[in-house]
1. When the distances between all Cα atoms of the stretch 215-322 are binned every 5 Å from zero, what whole-number percent does each bin get?
2. Based solely on its DSSP helices, what 222 nm [θ] is calculated for the chain when runs of n ≥ 4 H residues each add -39,500 (n - 2.57) and the sum is averaged over all residues, nearest 500 deg cm²/dmol?
3. Hey, can you find the accessible area per residue of the stretch 210-283 for me, probe 1.4 Å, expressed in square angstrom?
4. Run the accessible area of the chain with a 1.4 Å probe and give the carbon-and-sulfur part as a rounded percent.
5. Rolling a 1.4 Å sphere over the protein heavy atoms, what is the accessible area per residue of the stretch 58-198, to the nearest Å²?
6. Counting only residues 5 or more places away or on other chains, whose amide H sits under 5 Å from the amide H of residue 71 once H atoms are built in the peptide plane?
7. So what are the three principal axis dimensions of the chain from its Cα atoms, in whole Å, longest to shortest?
8. Divide, for the stretch 53-126, the radius of gyration over alpha carbons by 2.2 N^0.38 Å, where N is the residue count.
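The values are calculated or read from the model by the stated rules, or taken from the named source; none is laboratory data. What you see is a predicted model; the values in this text were computed from it and never measured. Using ideal geometry, Cβ is built from the backbone for each residue, glycine included, and neighbour counts are taken over all protein chains shown. The protein model used for the area step is the full one, side chains on, heavy atoms only, and it has no ligands, DNA or RNA in it. Shrake-Rupley method; radii C 1.70, N 1.55, O 1.52, S 1.80 Å.
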Amino acid sequence: MRKGTPMSMLKSASRALARTSSRSSAAPRSSRLTLKQKEGLTAYLSLLPAILLVAILVWYPLTTAIYHSFTLWDGENAVWVGLKNYVTIFSSGDLWLLLRTNLIFFLSIPGILLIAMMVSILLFDRIPGWRFFRSVYYIPTILSTVVIGYLMNTLFNAEGAVNAFLKMVGLGGWAQSWFDAAPTAFLVLILAFYWQTLGQGVLVFLAGLSAISNELLEAARIDGANWWQRLFRILFPLLAPSISYFMITNTIYIFIGLFALVYSITHGGPGYETTPIDYMIYLKAFETGDLSYASALSVILLLVVSVISWIQIRALDMLGAD
């Protein structure tokens, strides 16, 4: 059949139509989402409610607090004053008094760390009654901080059980108004902090001890290592990550978690002697109505906690690298 006949022209037209149809059908397919894109879109849509919730409950209050820290704000009207609130905080000496309170709690952390470690090691060695004591030590951890605070307040007030007991055993000279002087008020606060934190520490260190190989401890016993040698040469070094975690988390706690304890025991007194930063924010915002001052204190607290969090991350990274 010669070129240009009706049959050849019909075949050429059919092939052209097929190519056109394939291109037109390929165009919609190329515009469809791939499986990976669909999965990504589904993930973002699933996260959207949480992102909106965080934006409303965290980022918006944070942004407004930073803004109002540079203003004089009465809750309705705000007048820009720049760094005036921060200058007032640093020049009045309030910040150093508040930081001193947090520093005293910070210096008390090694004490509860040692107590929790020793209790954990004794429970790990399964001393007689270890199951009972493990439950007893953990009970304060599940109690509300306010409950613990009011219990301590009741025990140590002027007519409380502690003074009554001292008088009963002939130590009436030691009976006193525990909350009228800063040293004794701090003593009660730190005692409450220890009692509440002991269970948490025991749980952390028991978890660390359970990760230590029994074969390693048994080999040390066979080699003649006594209890103290196993304690200082095996257990303490291998508990380094748990010790770091306990120290860092409790350091963060004493900056952002003391409010309920102080409020229910001493109310920050006598004066402002036992007032931490977070409790002062409450006092300034809700009792004196100085919202701009409270906002500036909140920003300072944010910076302090951010630095502590950075130290925590760095420390954990270093431990992980080791």
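1. Per 5 Å bin, starting at zero, the Cα-Cα P(r) for the stretch 215-322 comes out as 2, 10, 14, 14, 12, 10, 9, 8, 7, 5, 4, 2, 1, 0 percent.
2. -23500 deg cm²/dmol
3. Ligands and nucleic acids excluded, the result is 47 Å² per residue.
4. 68
5. Details: 8170 Å² over 141 residues.
I get 58 Å² per residue for this part.
6. Excluding prolines and chain starts, which carry no amide H, the hits are 81.
7. Result, largest extent first: 130, 73, 30 Å.
8. Numbers: Rg = 21.2 Å, N = 74, 2.2 N^0.38 = 11.3 Å.
It is 1.88.
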